[in-house]
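All remarks here apply to the structure that follows.
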Amino acid sequence: MYDKAGIRVKGGNGGDGAITFRREKFVPFGGPSGGNGGDGGNVVLLVDQGVSSLRLFKKNQIYRANNGSNGQSQNKKGRQGADLVLSVPVGTMVWKESGTGERILIADLKEPEQKAVIARGGRGGWGNAHFATSTNQTPVIAEKGETGEDTSVDLELRLIADVGIIGFPNVGKSSLLAAASKAKPKVANYPFTTLEPVLGVVEIGAHNFVVAEIPGLIEGAHAGRGLGFDFLRHALRTRVLIHLIDGTSASPMDDLVRVNTELRLFDGGLAGKPQIIAVNKIDLPEVQAKVREIRGAFNQDVLPVFFISAVTGEGVPALMQEAYHTLRQVSLLTAEKELEPEKIFRPVPEPNSPVATDGSIFVVNSKEIERVVTRVDLRDAEVMWQLRGLLDKMGISRDLEKAGIQAGDTIRCGPVHWQW
């Protein structure tokens, strides 16, 4: 089953800005004409209904978008790098690890054609024409293009279904799905017949809802035994659970408790979902003889029980009617909660100085300045004069002076050093 994949993605690098000047006949003082670099392409996930698994991401795990082109003379901007669009199935969740080791959900792709940018391309660098001012009419500085975002993400597929059918292996979940919908899951008389979750659409009059079979539940599933991890995560998306129990079991009530224990241990929210109890195999005489006993064990007034036969279809329509009714109640409660959005307070962070010290070296933390100093020759006096003007304009010179910089002190920005 291919419902998880880890991939590395990199946005395209931005193109470098150009340093050029006009050279035209009868124009003796041609000004700067260096064009800007093109932006790098993004890596984008696109929900495609024709894709059903994350299988392709197991074969290729590194994806890069195209780089932007460098700027050219005559103010020609470089070509923008093309986006890399990756198709994923409906229900794909994208997780990223934070600096503290915590997993953060950065995209939840639930709708067809929904898009999410997971690695942004770098911005193209400014050409020298951008830096022209009334006091600096011949700029010899330009920017290097930004590096595209390079990161690793985990893709996780969780099927989107309204109702999930849960229960121990071989209780008839596949047969129930086949009886209630037009789905055709594999049906056989042995455990773990179903190796991938199966979806089906159930029609109730003019309405319909999606049902998913959630197989793989055995004792220890919450800890990964059997197919536990692979299937339990699919149940997280469902809003209502049909808990199917084998009527021939020695203790149907114990089966109910054991499965719910696995749900609770995996995720507390799973055990709290509305459940409809259905006892299967009522077509067998041995189960018919135990109906009163089973009703008493479940306390019919507290836990209503539906007796069905997934093979003959007996009781299945009434069970699906109850599932639809419960689903509508859950939807109404959810809608009421959404009408009262939570208030979120986002404090505005105080601006930090871009200047720090590292021993006797003054460190300038500015991506904009770094993209300039890595692009030009700092041995050129004209370049140094123009760089000083840029530092003054951005207020960095003032911050350096507050930090106590003196003539001859060393400044570092990125990998580049120079003297003040």
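The values are calculated or read from the model by the stated rules, or taken from the named source; none is laboratory data. Because the structure is predicted, anything quoted here is derived from the model rather than measured. All Cβ positions, even for glycine, are placed from backbone atoms using ideal geometry, and neighbour counts span all protein chains on display. Heads up: the accessible areas ignore ligands, DNA and RNA and are worked out on the full protein's heavy atoms, side chains in. Shrake-Rupley method; radii C 1.70, N 1.55, O 1.52, S 1.80 Å.
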Accessible surface of Met93 - all protein chains present, 1.4 Å probe, nearest 10 Å²: 10 Å²
Quotient of Cα Rg and 2.2 N^0.38 Å for segment 107-184, N being how many residues it contains: 2.38
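What's the whole-number percent of alpha carbon pairs in the chain lying beyond 35 angstrom? Show your work: numbers first, answer last.
Numbers: 44671 of 87990 pairs.
Roughly 51 percent, once rounded to a whole number.
Please state the relative contact order of the chain as a whole percent: Cα pairs under 8 Å, 6+ residues apart? Walk me through the numbers on the way to the answer.
Details: 995 pairs, mean separation 55.8, N = 420.
With pairs under 8 Å counted, the relative contact order is 13 percent.
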Cleavage-rule hits, GluC sites (Glu not before Pro), segment 83-123, DSSP coil, Cβ neighbours within 10 Å at most 10: Glu102, Glu113
Heavy atoms of Asp16 accessible to a 1.4 Å probe, total area in Å² rounded to 10: 40 Å²
Accessible surface, per residue, of the chain when the full set of protein chains is kept, probe 1.4 Å, Å²: 54 Å²
Expected-Rg normalisation [2.2 N^0.38 Å, Cα atoms] applied to segment 96-150: 1.92
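What does the charge dipole of segment 34-117 about its Cα centre add up to, to the nearest 20 debye, if the Cβ of each Lys and Arg holds +1 and the Cβ of each Asp and Glu holds -1? Intermediate values should be presented prior to the final figure.
Details: 11 positive and 8 negative charges, 70 e Å.
It works out to roughly 340 debye.
Share of antiparallel DSSP beta bridges in the chain, in percent to the nearest 5? Write out the running numbers ahead of the final one.
Details: 39 of 65 bridges.
Close to 60 percent.
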Student exercise, the chain dipole from Lys, Arg, Asp, Glu Cβ charges, in Debye to nearest 20: 1100 debye
Accessible-area ranking of Asp267, Asp254, Asp246, largest first, probe 1.4 Å: Asp254, Asp267, Asp246
Ala250/Asp150 FRET efficiency (R0 51 Å; Cβ-Cβ; nearest 0.05): 0.35
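Show me the helices of the chain, taken as full DSSP H stretches, that run 18 Å or more along their long axis by Cα and average -1.0 or above in Kyte-Doolittle hydropathy. Can you show the working numbers first?
Working: long enough: 252-266 (22 Å, -0.05); 316-338 (33 Å, -0.14); 381-394 (20 Å, 0.07).
Span-like helices in the chain: 252-266, 316-338, 381-394.
In this model, which of Lys76/Lys367; Lys58/Lys110; Lys115/Lys393 are farther than 28 Å apart at the alpha-carbon?
Working: Lys76/Lys367 24 Å; Lys58/Lys110 22 Å; Lys115/Lys393 39 Å.
From the list (Lys76/Lys367; Lys58/Lys110; Lys115/Lys393), the Cα-Cα distance tops 28 Å for Lys115/Lys393.
What FRET efficiency comes out for Glu113 versus Trp418 if R0 is 51 angstrom and r is the Cβ-Cβ distance? Round to the nearest 0.05. Could the numbers behind the result be given before it?
Details: r = 50 Å, r/R0 = 0.99.
According to the calculation, E is roughly 0.50.
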Pair Lys182, Arg264: separation of 7 Å Cα→Cβ label points (nm): 4.1 nm
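Given the C-alpha atoms of segment 37-121, compute the convex hull and give its volume per residue in Å³. Each step should come with its number before you reach the end.
Details: hull volume 10.0 nm³, N = 85.
In segment 37-121, the Cα hull volume divided by residue count equals 118 Å³.
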His130 - accessible surface, heavy atoms, 1.4 Å probe, Å² rounded to 10: 90 Å²
Residue among Phe131, Gly91, Asn170 farthest towards the positive dipole end of the chain, charges placed on Cβ: Phe131
Exposed-site-free run, longest, the chain (rule: trypsin sites (Lys or Arg not before Pro); DSSP loop; at most 15 other C-beta within 10 Å): 226-342
